[in-house]
Amino acid sequence: MRHRPKFSAAYAIPLVMFLGWTVFIYQFTPSDIVEFVGTENGYVASLLLAFIGGLSVLVSLPYHLVIMTFAAGGLNPWLLGLVASVGQLTGDTTSYFLGFSGRHIAPSRLSRVIERFRFWCSARPYWQMAGTLFVYGSISPVSNDWILVPMGLARYPYWRVMLPLELGNVVFNTSMALLGSYGLASLFSS
């Protein structure tokens, strides 16, 4: 018998948010949204939404759409990328420490897998691990929890995980803001 994957809320929430935001920006231009929210509040909103996006263990919050919209509305894309990355770092830290502190409650079978993963990670030169984490952070729009929780469980050092991953997130978030500033803004300028 074939196993059919179930459609869950973990997939529905980001999809509904994406569709809702798409309809929203067709009703109001990015400039109108920034004017309504305010410049300073736009940066604060980006920080908070990225924090929630980094905090979400099961559901990835598509805060990148808001960053792109705020950049298209006139906010500084470089500052938006940096602010969103700080928020994401704060949320991601929670995921890492969730894994780090949850090791003692892991079943024995999982403990063996974690131990093998820890050994595998420690056998690699740091530049390989750092490069992989940086590239993942630079190109992946999904939650970092799929990396952070196992790294925390394996007790891989916090800064050895977070520094390259979050530098990659700065690249990704800034790229999204620049895309909004130059790409999305051109859609609304005509």
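Any read-out appearing in this document is the output of simple, stated calculations on the displayed coordinates, not a laboratory observation. Every value quoted in this text rests on a predicted model; they were computed, and no experiment measured them. Methodologically, a virtual Cβ is constructed for each residue, glycine included, from the backbone with ideal geometry; neighbour enumeration extends over all protein chains shown.
Counting only Cβ charges, +1 for Lys and Arg and -1 for Asp and Glu, the dipole size of region 9-189 around its Cα centre is about 1040 debye. Distance between the 7 Å Cα→Cβ label points at VAL135 and GLN27: 4.3 nm. Gain on full extension, evaluated as 0.36 nm per residue between THR94 and LEU163 minus their Cα-Cα distance, stands at 23.4 nm. Note on ARG109 and GLU35: the extension gain reaches 21.2 nm, defined as 0.36 nm multiplied by sequence separation minus the Cα-Cα distance. So, in Å, what gap is there between the alpha-carbon centers of region 23-47 and region 97-125? Between the Cα centre of region 23-47 and that of region 97-125, the gap is 42 Å. Placing R0 at 45 angstrom, the Cβ-Cβ distance between TRP127 and VAL16 gives a FRET efficiency of 0.65 after rounding to 0.05.
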